Amino acid sequence: MEFSRRETIALGLGAAALTFMPFRVEAAAEEVISAFTGGADVGEGGVTITAPEIAENGNTVPIGVAAPGAAAILIIATGNPVPNVATFNFGELAGAQSASTRIRLAGTQDIVAVAKMADGSFVRTSAAVKVTIGGCGG
Amino acid sequence: MISRRDFLQVSMATSALVGASGFGNWARLAAQQALTQDQLLDFDTFGNVSLIHITDIHAQLKPIYFREPSINLGIGDAKGQVPHVTGADFRRLYGIEDGSPSAYALTYSDFTSLAQTYGRVGGLDRVSTVINSIRADRPDALLLDGGDTWHGSYTCLKTAGQDMVNVMNGLKPDAMTFHWEFTLGSDRVAEIVEGLPFAALGQNIFDAEWDEPTELFKPYKFFERGGVKVAVIGQAFPYMPIANPGWMFPEYSFGIRDQNMQKMVDEVRGMGAELVVCLSHNGFDVDKKMAGRVSGIDVILAGHTHDALPEPVLVGTTHIIASGSNGKFVSRIDLDVRDGRMMGIKHKLIPVFSDVIAPDPVITKLIDDQRAPYKTELSEVIGQTDTLLYRRGNFNGTWDDLICDALISEREADIALSPGVRWGPSILPGQDITREDIFNVTSMTYGKAYRTEMTGEFIKIILEDVGDNLLNPDPYYQQGGDMVRTGGLGYRIDVSKPQGERITDLTLLKTGEKLDPAKTYMVAGWASVNEDTEGPQIWDVVEDHIRKQGTVTVAPNNSVEVIGT
């Protein structure tokens with residue numbers, strides 16, 4: 001078959017982004033996190049991400065975040081050109097502090113969630129999502 | 001929940017009483033060259049529940065040869081652990097004598113000569129005899145099919161899986177999970193599943209649009225066996241839309257979803273399950289990791305990666321059973337379940353030596369009926385081989401080399417790419433190659449052989465990408481296939497490096513020059529997951545090539561250098 005130029009480029013870009021992986025959380029993402037936390041210390045635990053280990057379609061990856069007792073949760077796609085994905089704010093009447101959405105990923109990267117808890121403290125977690133060309137399943 | 005220590009003590013007491021797996025006995029008897037059906041099937045019935053596991057049949061209705069891999073690398077924590085042990089190391093690990101039937105069944109060494117001594121393996125009529133014998137001991141034994149059943153042969157392709165459905169229905173399974181079945185397309189899968197007289201399971205088969213469980217595939221099914229409430233939870237292949245063409249089944253989403261697996265285990269335990277069995281198509285290393293993250297599964301029946309292990313692997317309190325592929329093995333697992341928990345296990349990996357185990361005539365007739373309309377096409381001799389043709393292994397097998405040769409010469413390409421699938425029986429030197437044999441290693445619903453230009457840089461990206469699906473140290477990021485096979489192209493791979501740094505020294509073999517990242521090369525390949533792939537079917541390309549050769553000889557392939565092991 002003829003890969004169209006567009007498909008090939010799309011594959012090439014996705015894969016090229018993969019090769020920049022070792023940077024993990026990049027500078028732009030750290031800036032977004034600092035803006036959200038105001039530079040406060042960020043702990044671990046108390047917030048969870050539900051995401052596929054390998055994306056079925058990098059253009060629409062279902063992810064969920066949950067942090068019981070949170071006032072807000074920030075989601076960052078660390079490897080995207082614009083890492084800021086969303087901030088979910090939870091009012092006092094919210095039944096559960098969880099949300100799910102679909103995001104586009106430029107390539108394999110870490111997704112980071114930072115939760116602002118009711119007492120003003122911050123916690124974070126991350127999940128690696130792989131975006132692959134695919135094929136060759138045994 | 002019983003502690004790991006309690007459990008091990010219980011298991012060990014059981015072992016001392018009845019022998020852990022029965023495998024040691026079988027190996028000894030086999031070494032005496034006195035292999036009989038009675039010995040292969042010999043098993044002192046144990047406990048109160050029996051499971052029969054068969055998986056990854058890949059539509060092999062008739063006996064075949066199947067050579068196990070010579071290279072099966074374990075990465076990270078899996079290094080040196082089963083199933084990543086092959087050949088002499090494998091024999092030493094399990095106390096198997098060189099040249100014995102078990103050496104032939106489980107390792108690759110001296111394959112050609114041992115195959116001539118011990119003959120073909122598998123055949124679903126022989127499998128039926130094994131199942132009948134277990135059912136004679138324990139009539140309510142559960143027969144569980146791990147999937148990759150409705151794919152892999154000429155008749156299966158031509159009947160869109162119907163031949164396998166008909167024959168498997170004759171064996172009367174109790175439940176099944178899935179992988180390649182979905183490449184029949186979602187309409188056909190739905191049509192078959194709606195009529196199945198047994199459970200179609202997959203806790204990780206979700207509706208793609210709403211990301212919620214489907215109506216068609218249930219997460220689990222309860223059975224009452226020997227007074228025990230048994231829950232069987234299905235786990236389909238997690239990476240279906242990535243490893244296979246997602247456009248053929250756009251309605252479905254998969255993934256490992258181990259949090260949902262835990263939820264299902266808790267749910268069935270809450271409903272009174274005394275024994276929880278996971279019928280899985282995760283692949284062995286993914287199952288091992290899942291067993292460490294999900295608590296409460298007693299037995300995982302593993303599939304996908306085609307490993308055959310003579311003893312269960314214990315992770316915490318979960319026993320993982322690997323039952324091989326292509327109808328070559330059937331596992332029998334007897335369990336003692338008392339006071340609401342599993343107290344002991346006895347297991348035997350039964351090799352289906354087709355010259356030793358008598359065929360069940362009812363199933364033989366059923367198989368012959370499926371094949372009858374295609375008899376002429378199936379049996380046509382296309383050529384002969386001087387070389388043992390096999391596929392299994394992390395890098396090129398001789399079947400793949402032959403397919404790549406066909407792509408390069410028939411499609412006038414510089415470089416050929418062939419998928420690293422793990423199915424496909426072997427052909428011995430001196431044997432005829434029939435059309436059926438070619439379909440056994442190529443048949444699929446997306447088999448068109450493409451021809452396209454790729455830059456040196458893009459070829460490296462493909463190799464790095466596929467390499468990471470095999471060699472990522474975290475099993476959850478592996479897809480369970482082997483490395484893409486290359487023709488006309490040599491390279492060095494450092495398996496200890498991360499993605500992007502594993503592949504070096506890409507060499508165009510016909511000139512001996514290093515691949516230029518900026519230059520374009522003509523590449524022929526097959527099994528693209530992209531829709532609208534164009535080209536002739538791969539089996540026609542291979543048939544034309546073999547016909548021209550008459551007798552094929554595949555030269556030893558040293559074009560891939562593996563380092564960092």
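Out of all the residues in region B:154-172, is one or more under 27 Å from residue B:529 (Cβ atoms) and aromatic (Phe, Trp, Tyr)?
yes
Regarding region A:32-42, can at least one residue be identified that is open to solvent by 70 Å² or more (accessible area, probe 1.4 Å), part of a helix (DSSP H, G or I) and modelled with pLDDT under 50?
For region A:32-42, residues open to solvent by 70 Å² or more (accessible area, probe 1.4 Å), part of a helix (DSSP H, G or I) and modelled with pLDDT under 50: absent.
Of the residues that sit in region B:530-540 and are more than 9 Å from chain A (Cβ to nearest Cβ) and under 26 Å from residue B:509 (Cα atoms), which one is least open to solvent (accessible area, probe 1.4 Å)? Quick ask: steps written out before the conclusion?
Of the residues in region B:530-540, the ones more than 9 Å from chain A (Cβ to nearest Cβ) are B:531, B:536-540.
Restricting the remaining residues to those that are under 26 Å from residue B:509 (Cα atoms) gives B:536-540.
Numbers: B:536: 50, B:537: 56, B:538: 0, B:539: 24, B:540: 72 Å².
Once the filter is applied, the top-ranked residue is B:538.
Looking for something outside the structural domain of residue B:480 (by TED's automatic domain parsing) and at positive phi - is there at least one such residue anywhere in region B:126-135?
Looking for residues that are outside the structural domain of residue B:480 (by TED's automatic domain parsing) and at positive phi, one finds none in region B:126-135, hence no.
Residues in region B:230-243: is at least one away from every other protein chain (no Cβ under 14 Å) and either out of contact with any Cys (no Cβ under 9 Å at 6 or more places or on another chain) or open to solvent by 40 Å² or more (accessible area, probe 1.4 Å) (or both)?
Yes: region B:230-243 contains one or more residues that are away from every other protein chain (no Cβ under 14 Å) and either out of contact with any Cys (no Cβ under 9 Å at 6 or more places or on another chain) or open to solvent by 40 Å² or more (accessible area, probe 1.4 Å) (or both).
Going through region B:80-103 one residue at a time, which ones are assigned to a loop (DSSP other than H, G, I, E, B) and on the phi > 0 side of the Ramachandran plot?
Step one: list which residues in region B:80-103 are assigned to a loop (DSSP other than H, G, I, E, B), which gives B:80-86, B:95-100.
Answer for region B:80-103, where residues must be assigned to a loop (DSSP other than H, G, I, E, B) and on the phi > 0 side of the Ramachandran plot: B:80, B:95, B:99.
Can you name every residue in region A:43-78 that is under 26 Å from residue B:245 (Cα atoms) and not in a strand (DSSP E or B)?
Residues of region A:43-78 under 26 Å from residue B:245 (Cα atoms): A:50-64.
Hits for region A:43-78 are A:51, A:52, A:53, A:55, A:56, A:57, A:58, A:59, A:60.
Any idea how many residues of region B:470-521 are farther than 27 Å from residue B:399 by Cβ and open to solvent by 30 Å² or more (accessible area, probe 1.4 Å)? Before you say what the answer is, go through the steps one by one.
Of region B:470-521, the ones farther than 27 Å from residue B:399 by Cβ are B:473-474, B:476-477, B:496-501, B:513-514, B:516-520.
The next check asks that each one be open to solvent by 30 Å² or more (accessible area, probe 1.4 Å); those that pass are B:473-474, B:477, B:496-499, B:501, B:513-514, B:516-520.
Residues meeting the conditions: 15.
Quick check on my filter: what residues within region A:105-124 are within 14 Å of chain B (Cβ to nearest Cβ) and open to solvent by 20 Å² or more (accessible area, probe 1.4 Å)? I'd like the intermediate steps shown before the answer.
Initial filter on region A:105-124 (within 14 Å of chain B (Cβ to nearest Cβ)): A:105, A:107-110.
Within region A:105-124, A:108 is the sole residue that qualifies.
Residues in region B:554-563: is at least one open to solvent by less than 70 Å² (accessible area, probe 1.4 Å), within 14 Å of chain A (Cβ to nearest Cβ) and under 25 Å from the mean Cα position of the chain (by Cα)?
Checked against the condition, which is being open to solvent by less than 70 Å² (accessible area, probe 1.4 Å), within 14 Å of chain A (Cβ to nearest Cβ) and under 25 Å from the mean Cα position of the chain (by Cα), region B:554-563 yields no hits at all.
Select from region B:244-271 the residues that are open to solvent by 30 Å² or more (accessible area, probe 1.4 Å) and hydrophobic (A, V, I, L, M, F, W, C) and write down the one among them that is farthest from the other protein chains (Cβ to nearest Cβ).
B:271
Can you find even one residue in region B:188-207 that is among the β-branched types (Val, Ile, Thr), in contact (Cβ under 8 Å) with a residue 60 or more places away in the chain and crowded, with 24+ Cβ neighbours inside 10 Å?
Filtering region B:188-207 down to residues among the β-branched types (Val, Ile, Thr) leaves B:189, B:192-193, B:205.
If we keep only those that are in contact (Cβ under 8 Å) with a residue 60 or more places away in the chain as well, we get B:189.
Narrowing the set further to residues that are crowded, with 24+ Cβ neighbours inside 10 Å leaves B:189.
Checking region B:188-207: at least one residue is among the β-branched types (Val, Ile, Thr), in contact (Cβ under 8 Å) with a residue 60 or more places away in the chain and crowded, with 24+ Cβ neighbours inside 10 Å.
Which residue, of B:446, B:374, is under 24 Å from the mean Cα position of the chain (by Cα), closer than 30 Å to residue B:169 by Cα and not basic (Lys, Arg)?
Numbers: B:374 fails: under 24 Å from the mean Cα position of the chain (by Cα).
Residue meeting the stated conditions: B:446.
Residue B:527 versus (1) in contact (Cβ under 8 Å) with a residue 24 or more places away in the chain; (2) out of contact with any Pro (no Cβ under 8 Å at 6 or more places or on another chain); (3) within 9 Å of another protein chain (Cβ to nearest Cβ): which is the lone unmet condition?
If we test residue B:527 against (1) in contact (Cβ under 8 Å) with a residue 24 or more places away in the chain; (2) out of contact with any Pro (no Cβ under 8 Å at 6 or more places or on another chain); (3) within 9 Å of another protein chain (Cβ to nearest Cβ), just (2) comes out false.
Going residue by residue through region A:74-86, is there one that turns out to be within 14 Å of chain B (Cβ to nearest Cβ) and within 23 Å of residue B:252 (Cα to Cα)?
First, pick out the residues of region A:74-86 that are within 14 Å of chain B (Cβ to nearest Cβ): A:79.
Then keep just the ones that are within 23 Å of residue B:252 (Cα to Cα); that gives none.
The answer is no, given that none of the residues of region A:74-86 is within 14 Å of chain B (Cβ to nearest Cβ) and within 23 Å of residue B:252 (Cα to Cα).
What tally of residues in region B:146-185 results from selecting those that are open to solvent by 10 Å² or more (accessible area, probe 1.4 Å) and of a type in the set (Gly, Ala, Ser)?
Of the residues in that region, 3 qualify.
How about region B:348-464: which helices (runs of 4 or more DSSP H) wholly inside it have at least 3 residues that are within 14 Å of chain A (Cβ to nearest Cβ)?
Values: elements: B:361-371, B:375-379, B:398-410, B:435-442.
Answer list for region B:348-464: B:398-410.
Suppose we filter region B:90-121 for residues that are free of Cβ contacts under 8 Å to residues at least 40 places away in the same chain, surrounded by 20 or more Cβ atoms within 10 Å (Cβ to Cβ) and closer than 17 Å to residue B:353 by Cα; how many remain? I'd like the intermediate steps shown before the answer.
Step one: list which residues in region B:90-121 are free of Cβ contacts under 8 Å to residues at least 40 places away in the same chain, which gives B:90-93, B:98-99, B:103-104, B:107, B:109-110, B:113-114, B:117.
Still in the running and surrounded by 20 or more Cβ atoms within 10 Å (Cβ to Cβ): B:90-91, B:103-104, B:107, B:114.
Still in the running and closer than 17 Å to residue B:353 by Cα: B:103-104, B:107, B:114.
Final tally of qualifying residues: 4.
Which ones in region B:126-145 are in contact with a helix residue (DSSP H, G or I) (Cβ under 9 Å, 6 or more places away or on another chain), open to solvent by less than 10 Å² (accessible area, probe 1.4 Å) and not in a loop (DSSP other than H, G, I, E, B)?
B:127, B:128, B:130, B:131, B:134, B:143, B:145
In this structure, is residue B:325 assigned to a strand (DSSP E or B), crowded, with 24+ Cβ neighbours inside 10 Å and among the small types (Gly, Ala, Ser)?
On the way: assigned to a strand (DSSP E or B): no; crowded, with 24+ Cβ neighbours inside 10 Å: yes; among the small types (Gly, Ala, Ser): yes.
It is false that residue B:325 is assigned to a strand (DSSP E or B), crowded, with 24+ Cβ neighbours inside 10 Å and among the small types (Gly, Ala, Ser).
With respect to residue B:453, determine if the residue is closer than 22 Å to residue B:402 by Cα, open to solvent by 10 Å² or more (accessible area, probe 1.4 Å), at pLDDT 95 or above and of a type in the set (Asp, Glu). If you could, list the steps in order and put the result at the bottom.
On the way: closer than 22 Å to residue B:402 by Cα: yes; open to solvent by 10 Å² or more (accessible area, probe 1.4 Å): yes; at pLDDT 95 or above: yes; of a type in the set (Asp, Glu): yes.
So residue B:453 fits the description; yes.
The values are calculated or read from the model by the stated rules, or taken from the named source; none is laboratory data. Just so it is clear, the structure is predicted and the values come from calculations on it, not from any experiment. In this analysis, Cβ positions are derived from the backbone assuming ideal geometry, glycine residues included, and neighbour counts consider all displayed protein chains. Each accessible area value is taken on the protein alone, full model and side chains, heavy atoms only, with ligands, DNA and RNA left out. Shrake-Rupley method; radii C 1.70, N 1.55, O 1.52, S 1.80 Å.
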